[in-house]
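The values are calculated or read from the model by the stated rules, or taken from the named source; none is laboratory data. Keep in mind the model is a prediction, meaning the values are calculated, not measured. Note: ideal-geometry Cβ built from the backbone for every residue, glycine included; neighbour counts use all protein chains shown. Surface areas here come from the heavy atoms of the whole protein model, side chains and all, with no ligands, DNA or RNA. Shrake-Rupley method; radii C 1.70, N 1.55, O 1.52, S 1.80 Å.
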Amino acid sequence: ETYWQYQRFRWMHPEVELFAEWANELRPDDVVWDVGAHLGWHAVVAASVAPGVTVEAFEPHPTVAERLRDVAAATDHDIAVHEVALGDRDDTVAFSSDPSPAARVAGSQAAPIGATIDVERARGDTLVATDTVAPPNVLKIDAEGADADVLRGVRETIETHRPRLVYCEVHVDGAEIRSLLSSYGYEYEPVSSTRPVLRAVPTS
């Protein structure tokens with residue numbers, strides 16, 4: 001709808017390394033979770049690079065989620081849009097009312113977010129246990145500071161289903177994210193990117 005959105009789609013240079021890796025690593029019939037999907041840049045790439053890939057896209061802001069549904073329809077990819085914030089509990093939480101890429105759960109970063117709306121929050125483990133979503137083979141998390149909360153909420157899913165790739169952007173909670181990944185039996189390294197993203201794989 002705006003020029004900056006076009007620019008983000010056209011010049012996603014901070015993500016090119018990750019997109020190229022997905023083109024090589026994603027397998028037919030993979031289930032990819034895109035947590036913090038926003039307008040679907042990662043979701044569309046994931047759904048495009050191998051046959052039968054299913055993308056479970058999580059975007060809690062209602063305006064952005066509707067735009068993401070439009071993107072999924074326009075690109076004709078298998079992208080399921082879940083209008084929910086993943087976290088470490090099942091409840092309702094305050095979320096930025098401004099539908100920008102920096103929209104986030106209240107309190108997830110030190111800077112105030114101004115006006116808020118209430119959105120549903122859920123543990124990924126709950127969604128898997130209730131068969132709302134299939135467990136992921138590949139998990140990407142970009143939750144604008146709530147990333148450790150997301151990881152805590154998918155502990156059972158990760159320990160049971162062992163996704164082969166986990167990508168987690170680090171905003172404010174890097175030490176906790178690294179500790180959680182290690183406790184789940186994953187080793188990690190930075191992705192070559194202008195963004196602080198960790199790539200984690202099972203140690204065994």
Given (1) open to solvent by less than 60 Å² (accessible area, probe 1.4 Å); (2) without any contact (Cβ under 8 Å) to a residue 60 or more places away in the chain; (3) under 21 Å from residue 139 (Cα atoms), where does residue 86 come up short, assuming only one miss? (2)
Residues that are surrounded by fewer than 20 Cβ atoms within 10 Å (Cβ to Cβ): list the strands (runs of 3 or more DSSP E) wholly contained in region 133-204 that include at least 2 such residues. 186-190, 197-202
